[in-house]
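Scroll down for the structure; my scribbles are underneath it.
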Amino acid sequence: MKIESYPLTDEQRYMYDEQIRGFGMALTLSGSAVFKGSQSIEKLQYAANEVIRINEGIRVRVTTDENGEPVQFVAPFEERNFKVKEFGSIEELNKFGREEWAAVPLDFGPDNELFDMQIVMLPDSYGALIRVHHIISDAWTLFLICSQFIKILNGEDVKTYPFRDFVENAIQYKQSSRFKKDLAFFAEQEKTLPVRTHLSTEPVVSLEKHMRAYELSENEVAFVRDYALTHKVAEANLFSTAVCIWMSRMLGREDFYVGITAMNRAGIREKNTVGAFALGVANRICIKAEQSFEAGINAVSLSRLSSYRHQKAGMSYYANGKEPYDLWISYQTASFDGDIEARIEQYQQPVMGPVMLLKIIDSGDDRIILQLEYNVKYPDRKAERLVKESAAILIEGIRDDKQKVKEIADKVMEE
């Protein structure tokens, strides 16, 4: 029986080309999920196999056709016997995950799987190590797989959708009039602001990734959440405003670009499909030193909304790594339904670049971390300032949102 193949989407083709250029490890996402309690090995093996069986996206393989063009197809389900590894503590698991599990890349080929999993057992917990290629996944996918895994263990129904719908929708979009309108949006942006925004003056790329992080206190998290609720503003927009104020001061410019993450998972089908939905989108920001912090939030929120409206064409317009920014802001949040005590870790690994990825990691409770990961030549001291001073700008801004942007920056930023 001949297996149907599909072309790669624009996003997937970009990743494919990056791997061919030698960034294969950068495109392998990895992490772990740990759940409190105990389960039998047999049930864990069953749940892991069910995750693969119900998700076509996990079974995708990437190869080339008779003309040498990359294509993808869904391989038939085959039951696996997953390795089981025991750990004495979460710390031991995460050390193994970062140093060994994340260091193994996944590669293309008709017989090469783009998903791997290993069952883990701890003294009072159980879970899994997960490794998946970026060409069939995004950050949401890791959470989705973990959520499905625990639901299957609990005997709940899990709804999934065909991977081919994801590909066919992408093809139809490229043939639509909407695609042309979305392209025109980015063309107009570049026409009126042709200058690219780079915090790093020397974008020297290395496969070694650096990281700097700052965690808000419980009181600060509560303060931010209360302001967001009271003023009916998304927390992602609050953090983006603070970061953009920091950037404006550092760049000496009020009009510039920053990258933002568009999840493309608004509908129930997208939220429950394994696939590379998330995109990096160029977001043009105009934030003035004399405006209030409140006005700055509105400006950033409207700018983000405009970019999101046209997001699907962003990757097509800025093809071949020509994005007009090097700092990319990604607000990442996930929480489980019901009373499930879980811990999900994403392991650090090399990235394709040059890029500076600022993750605002919101665990959904009292923890929010600003984490900057970068593989460009950028002073560590400035990286530390970015995460710490952005957090300080946010807290000072919501303390009195009538303050001018310039006044807030003067208070919390170094000269």
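Under 11 Å from the Cβ of Ile130, count the other residues' Cβ atoms, weight Lys and Arg +1, Asp and Glu -1, and hand me the total. Charge balance in the 11 Å sphere: -1. Taking 0.36 nm per residue of separation and subtracting the Cα-Cα distance, full extension of the segment from Glu415 to Glu290 would add 43.2 nm. Rounded to the nearest 10 degrees, the inclination of helix 10-20 to the longest alpha-carbon principal axis of the chain is 80 degrees. With contacts taken as Cα pairs under 8 Å at a separation of at least 6 residues, region 167-314 carries a relative contact order of 27 percent. Would you mind classifying region 125-215 by shape? Square roots of the alpha carbon gyration tensor eigenvalues, ordered a ≥ b ≥ c; an a/c under 1.5 is rounded, otherwise it is prolate if a/b is larger than b/c and oblate if not. Taking the square roots of the gyration eigenvalues as a ≥ b ≥ c, region 125-215 is oblate.
Computed on region 161-295, the Cα convex hull volume stands at 198 Å³ per residue.
Using a cutoff of 8 angstrom between alpha carbon atoms and counting only pairs six or more residues apart, the relative contact order for region 52-100 works out to 26 percent.
Please state the relative contact order of the chain as a whole percent: Cα pairs under 8 Å, 6+ residues apart?
Over the chain, the number comes to 22 percent.
Treating cross-link reach as a plain straight distance, find the lysines whose alpha-carbon is under 19 Å from the alpha-carbon of Lys359, omitting any fewer than eight places away in the same chain. Cα-Cα hits under 19 Å: Lys209, Lys377, Lys382, Lys388. Sorting 72-80, 118-126 by their mean Cβ neighbour count within 10 Å, with the most densely packed peptide first, gives 118-126, 72-80.
Residues of region 32-64 with an amide N closer than 13 Å to a point placed 7 Å from the Cα of Arg343 along the Cα-to-Cβ direction: 32-37.
Potential lengthening of the chain between Ala222 and Val104 amounts to 38.6 nm, from the contour at 0.36 nm per residue minus the alpha-carbon distance. Relative to one another, the C-alpha centroids of region 251-301 and region 97-122 are positioned 32 Å apart. Counting charges near Leu199 (Lys, Arg +1; Asp, Glu -1) among other residues having Cβ under 10 Å from its Cβ returns a value of 0.
Along the Cα-to-Cβ line of Val195, 7 Å from the Cα, sits a label point; which residues in region 280-306 have backbone N less than 14 Å from it? 285-287, by backbone N distance to the label point. Across q = 0.18, 0.25, 0.27 Å⁻¹, region 360-415 modelled as identical point scatterers on its alpha-carbon atoms has Debye log10 I(q)/I(0) values of -0.73, -1.02, -1.06, in the order of the q list.
Considering only Tyr173, Tyr214, Tyr347, the mean-square fluctuation computed in a Gaussian network model of the chain, springs between alpha carbons under 10 angstrom, is largest for Tyr173.
With semi-axes defined as the square roots of five times the eigenvalues of the C-alpha gyration tensor, the equivalent ellipsoid of region 41-96 measures 32, 17, 8 Å, largest first.
Database remark: amide H of Thr64 closer than 5 angstrom to the amide H of Val71 (H placed geometrically; neighbours at sequence offset of 5 or more, or on other chains; Pro and chain starts carry no H). Rounded to whole Å, give me the distance from the Cα center of region 31-58 to that of region 364-408. Distance between centres, Cα-based: 37 Å. Of the accessible area of the chain, computed with a 1.4 Å probe over protein heavy atoms only, carbon and sulfur atoms account for 49 percent. Take the Cα coordinates of the chain, assign each an equal point scatterer, and use the Debye formula without solvent to give log10 I(q)/I(0) at q = 0.15 Å⁻¹. Debye output, listed in q order: -1.53.
Distance between the modelled labels on Asp401 and Asn169, one decimal in nanometres: 3.2 nm (7 Å Cα→Cβ projection). Only helices enter this figure: runs of n ≥ 4 DSSP H residues, each worth -39500 (n - 2.57), summed and divided by the residues of the chain, yield -12000 deg cm²/dmol at 222 nm to the nearest 500. Determine the shape class of region 15-139: with a ≥ b ≥ c the square roots of the Cα gyration tensor eigenvalues, call it rounded for a/c under 1.5, and otherwise prolate if a/b is greater than b/c, oblate otherwise. It comes out oblate by the Cα gyration axes. How many angstrom separate the Cα center of region 60-91 from the Cα center of region 159-199? Taking the Cα centre of region 159-199 as reference, the centre of region 60-91 is 28 Å away. Surface listing: Leu302, Leu386 arranged by accessible area from highest to lowest gives Leu302, Leu386, probe 1.4 Å.
The values are calculated or read from the model by the stated rules, or taken from the named source; none is laboratory data. Keep in mind that what you see is a predicted model, and the values were worked out from it rather than measured. Positions of Cβ are backbone-derived with ideal geometry, glycine not excepted, and every protein chain shown enters the neighbour counts. Keep in mind that these areas ignore ligands, DNA and RNA; they rest on the heavy atoms of the full protein, side chains included. Shrake-Rupley method; radii C 1.70, N 1.55, O 1.52, S 1.80 Å.
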